[in-house]
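To start, the structure under review is shown below, and the notes come after it.
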Amino acid sequence: MKRDKYIAALFVLMLTFSTILSGCAPHGNASKTGDEKSLEEVCVEHKCTMKNCAMSVKTGIRPGERIICPICGEVISTASGRVVEIIKQPLKTGPIAPLKKERKLLYYRNPMDPRVTSPVPMKDPMGMDYVPVYEEGSGEEAGRTITISPEKQQLIGVKTEPVEKMDLEKVIRASGKIAYDPELVVTQEEFIQALNAEDNVKDSPLQDVINRTKDLAEAARRKLKLLGMGDDQIADIEKTRKAQTNLYLPGKGESVWAYISIYEYEIGLVKPGDLVEIEAVAYPGEKFSGKVVSINPVLDAISRTNQVRVEVENTGDKLKPEMFVNANIKVALGKKLAVPEAAVLDTGLRKIVYLSKEGDVLESREVALGQKAEGYYEVLSGLKEGDVVVTSGNFLVDSETKLKAPLAQ
C-alpha cells in the first residue's frame, strides 16, 4: 500500500510540473508582439501573389532559422515561428545572362591622327584619351548611327560632300636618275654586228655557219631584253642598225634616257606611252617632258621596285648622265565612283566613312576601296552614287559614336 501511495504521489507531481511548463511555453497562435509579422502578411507586403508561399515556409520552421522563400526569392529570418525581419538578399537564380564575347584589343590610336598608335593607353598633347581599336569581327564598328544636332555639327566642323562618278587620274611619284649605261650600248652594238654577220652569211653553203650567226643575234636580243629594252625598241635597232649612244654621251639637242624605279604595288598601272614629268634636283621648279618607252621585265628583289625606261626631251642640254631626278607619271584610271580621301577613316583593319542622313543622323559604313587618285579613292563597294559623306570633323564624330555606344547597350 505504501508503495502504491508513492507511485500515485510521483504521478501527481509529474502532472503538476508538466502543466506548469506548458503554461510558460509560447503558443503558436499567440498574438503578435513588437515588430513580428505573420508569414502571410510578409508575403502580401512584398507582393508575393502565391498563397502557398507562406504555407511552404511554415513547414519545419525553427526559431532563429533563415529560410528562403521559393516565390519571393528572399531570405527570411524567423523567431519562434514568427517573422522578425526580411533580409534584402535576393537569390541569384533564374536564366543566366549570356556572356558577352570579349573583343581582342589591338592597340590605341590618336583621336585626331589615326596614323599615330600606342600599345598602351595614353593621352595626346591636348589631353584627349587615345581611342581603343579592337579586333575585327564584332560588327560593332560598322553600321552604328548617332544623332548630332546641327549646332553641334557646326561646332565640331562637320562638312559633307556627295559621292559621284568622275574621271580619276593617279599620279605615281618616283625617283630615278639620268641614264649612264655603256653596257647597254655595247650590247646594242654586239646585236648590230650579229645582225650584219647573219646577213653576210645567209647565202653561205655552210649551214653550221648560218646557224651560229643566228644564235649570236638571238643571244644579243635576249640580253637587250634583260637590260630593259622592249620589243619595239629592239625592232627599231634591228631596222636602223644604230646604237643609242645618248645612253652614255648625249649629243647637242639629243634626248636622254631616265631610269625611274617604280614600286611593285604600282607597276601594274604603268604602261609604255604614259606621259612623265621630270624634275632634276639641279634645276628645281623646271619641268622636262618625257614618256615611258619600256619596262624592265625583272623586278629588283631587294628594293621591290621595277625599272622603267623614260625618254626625256633634254631642253637646253641641261640633263647630264647620273643626275638624280624626280618623276611624276600620270595614269588615267577612267570614270569611277569616287569618295573624297578626307572622308575615309582607316582603322588598320578596315576603312570606314560616315554618311550624313536625314534628321541629323550620321551612320558609319564600312567600304572597300580601290586605287587612290589625287584627293579621292575609287569605291569598289559600300557606297552608291548620291550618298553624302562626312569629309571634315569625322574623327570627332567617330569619337562621339564610341563614347555613346556603351550607353546604348
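Listed by position, the strands (runs of 3 or more DSSP E) enclosed by region 261-367 that each have at least 3 residues that are over 30 Å from Lys223 (Cα atoms) are 324-340, 351-357. When the residues of region 156-180 are filtered to those that are outside the structural domain of Ala338 (by TED's automatic domain parsing) and assigned to a loop (DSSP other than H, G, I, E, B), the one that is surrounded by the most Cβ atoms within 10 Å (Cβ to Cβ) is Ala179. Among the candidates Lys242, Lys214, Lys202, Lys252, the residue that is touching a Ser or Thr at 6+ places or on another chain (Cβ under 9 Å) and among the basic types (Lys, Arg) is uniquely Lys202. When region 375-390 is filtered for residues that are in contact (Cβ under 8 Å) with a residue 40 or more places away in the chain and part of a strand (DSSP E or B), the ones remaining, listed by number, are Tyr376, Glu378, Val379, Val388, Val389, Val390. Of the conditions (1) closer than 29 Å to Phe191 by Cβ; (2) among the β-branched types (Val, Ile, Thr); (3) surrounded by fewer than 19 Cβ atoms within 10 Å (Cβ to Cβ), Val281 fails just one. Which one is it? Status for Val281: all satisfied but (1). Of the set (1) touching a residue at least 12 places away in the same chain (Cβ under 8 Å); (2) surrounded by fewer than 18 Cβ atoms within 10 Å (Cβ to Cβ); (3) among the aliphatic types (A, V, I, L, M), all apply to Ile302 but (1).
Out of the residues in region 181-223 that are assigned to a loop (DSSP other than H, G, I, E, B) and modelled with pLDDT under 85, state the one that is surrounded by the most Cβ atoms within 10 Å (Cβ to Cβ). Once the filter is applied, the top-ranked residue is Val201. If Asp274 satisfies every condition in (1) more than 16 Å from Asp181 (Cβ to Cβ); (2) crowded, with 19+ Cβ neighbours inside 10 Å but one, which is the exception? The failed condition is (2). Among the listed residues Leu396, Leu337, Leu403, identify the single one that is more than 30 Å from Tyr180 (Cβ to Cβ) and modelled with pLDDT of 85 or more. Every option except Leu337 fails the conditions.
Just one residue in the set Val292, Val331, Val325, Val310 is surrounded by 12 or more Cβ atoms within 10 Å (Cβ to Cβ), at pLDDT below 90 and not acidic (Asp, Glu); that residue is Val331. If the condition is being touching an Asp or Glu at 6+ places or on another chain (Cβ under 9 Å), surrounded by 12 or more Cβ atoms within 10 Å (Cβ to Cβ) and at pLDDT 80 or above, then region 142-155 contributes Ile148, Lys152, Gln153.
Residue count for region 356-372 satisfying the condition of being surrounded by fewer than 20 Cβ atoms within 10 Å (Cβ to Cβ) and either touching a Gly at 6+ places or on another chain (Cβ under 8 Å) or within 22 Å of Leu168 (Cα to Cα) (or both): 7.
The values are calculated or read from the model by the stated rules, or taken from the named source; none is laboratory data. Just so it is clear, the model here is predicted, and its values are computed rather than measured. Quick reminder, even Gly has a Cβ in these numbers, built from the backbone with ideal geometry, and neighbours come from all protein chains shown.
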